[in-house]
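**Student:** Below is the structure I would like to discuss, written out as C-alpha cells.
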Amino acid sequence: MFGKLKSMFGGGGISIPAPVAGEAVALSEVSDPTFAQGILGQGCAIKPTVGRVVAPVDATVSMMFETGHAVSLDTSDGVELLIHVGLDTVMLKGAHYIPHCATGDKVKAGDLLMEFDIDAIRAAGYDTITPVVVCNADDFSNVSFKAGSVETMGELLTLKK
C-alpha cells in the first residue's frame with residue numbers, strides 16, 4: 001500500500017548520481033545551443049573539479065566516442081544517458097582524454113569510464129563543462145537535478161515515469 005501512496009504523491013523515481021565532481025548547473029547555462037536548448041534531451045551540466053568520469057549506475061556502454069570525450073550509457077531502468085566532457089572538445093581528436101571503457105562494455109556504478117586533463121583542455125582553449133543528458137527524456141514525466149556542489153556518485157538527477 002505504501003508503494004502505491006509513494007507513486008501517487010511523487011515519491012520514488014530513478015536516481016542518477018553524479019558521474020563527476022563539480023558544480024551542477026542548468027543546461028541553459030551551457031554556451032552550446034545543442035545542450036542549452038535541450039535538443040539532445042534534459043538534464044544538467046557539471047563544471048568539473050576532477051578529471052575522472054565514473055559510471056553513475058550499472059549500465060551498458062552504448063557508445064564510447066573514439067576521441068574519448070563523451071560516452072553514452074543505457075541503464076537497466078531504460079535511461080539513455082550521455083556524458084559529454086567539454087564543448088567542441090571533439091576537435092582535440094582525443095588529446096587530453098583517456099577512455100577506460102569501450103562500446104558494448106557492461107559497467108557497474110562507480111567504474112571508471114574516462115580520465116581527462118582539465119588544465120590541458122582549458123589551456124587548449126576549450127570549456128570543460130560536462131553536460132549530463134537524458135537523451136530519452138520524453139519517456140519520463142519529469143527530469144530534475146540538484147544544483148550546486150556535487151561529489152562523484154552524489155545526488156544529481158531524479159527521473160519520474
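**Student:** Have a look at Met114, Met64 and point out the one that is surrounded by fewer than 23 Cβ atoms within 10 Å (Cβ to Cβ) and either in contact (Cβ under 8 Å) with a residue 12 or more places away in the chain or over 17 Å from the mean Cα position of the chain (by Cα) (or both).
**Tutor:** From the options Met114, Met64, the qualifying one is Met64.
**Student:** Of all residues in the range 1-28, which are touching a helix residue (DSSP H, G or I) at 6+ places or on another chain (Cβ under 8 Å) and at pLDDT 95 or above?
**Tutor:** Listed by number, the residues that qualify are Leu27, Ser28.
**Student:** Something else now. Looking at the range 149-161, can you tell me whether even one residue there is at pLDDT 95 or above, open to solvent by 10 Å² or more (accessible area, probe 1.4 Å), within 20 Å of Gln37 (Cβ to Cβ) and not in a strand (DSSP E or B)?
**Tutor:** There is no residue in the range 149-161 that is at pLDDT 95 or above, open to solvent by 10 Å² or more (accessible area, probe 1.4 Å), within 20 Å of Gln37 (Cβ to Cβ) and not in a strand (DSSP E or B).
**Student:** Are there any pairs, at least 6 apart or on different chains, whose C-beta atoms fall under 7 Å, with the first in the range 118-141 and without any contact (Cβ under 8 Å) to a residue 60 or more places away in the chain and more than 23 Å from Tyr97 (Cβ to Cβ) and the second polar (S, T, N, Q) and surrounded by 18 or more Cβ atoms within 10 Å (Cβ to Cβ), and if so, which?
**Tutor:** Between residues of the range 118-141 that are without any contact (Cβ under 8 Å) to a residue 60 or more places away in the chain and more than 23 Å from Tyr97 (Cβ to Cβ) and residues that are polar (S, T, N, Q) and surrounded by 18 or more Cβ atoms within 10 Å (Cβ to Cβ), there is no close pair.
**Student:** Would you mind stating whether Asp88 is closer than 15 Å to Ser15 by Cα, touching a residue at least 40 places away in the same chain (Cβ under 8 Å) and of a type in the set (D, E, K, R)?
**Tutor:** Values: closer than 15 Å to Ser15 by Cα: no; touching a residue at least 40 places away in the same chain (Cβ under 8 Å): yes; of a type in the set (D, E, K, R): yes.
Considered against the rule, which asks whether it is closer than 15 Å to Ser15 by Cα, touching a residue at least 40 places away in the same chain (Cβ under 8 Å) and of a type in the set (D, E, K, R), Asp88 comes out as no.
**Student:** How many residues are open to solvent by 60 Å² or more (accessible area, probe 1.4 Å) and either at positive phi or part of a loop (DSSP other than H, G, I, E, B) (or both) when one looks only at the range 121-134?
**Tutor:** Final tally of qualifying residues: 2.
**Student:** Considering only residues that are without any contact (Cβ under 8 Å) to a residue 24 or more places away in the chain and open to solvent by 70 Å² or more (accessible area, probe 1.4 Å), which ones fall in the range 36-61?
**Tutor:** Gln37, Ile39
The values are calculated or read from the model by the stated rules, or taken from the named source; none is laboratory data. If you're wondering where the values come from, they're calculated on a predicted model, not measured in any experiment. All Cβ positions, glycine included, derive from the backbone under ideal geometry; neighbour counts span all protein chains shown. Side chains are part of the model used for accessible areas, which takes the heavy atoms of the whole protein and leaves out ligands, DNA and RNA. Shrake-Rupley method; radii C 1.70, N 1.55, O 1.52, S 1.80 Å.
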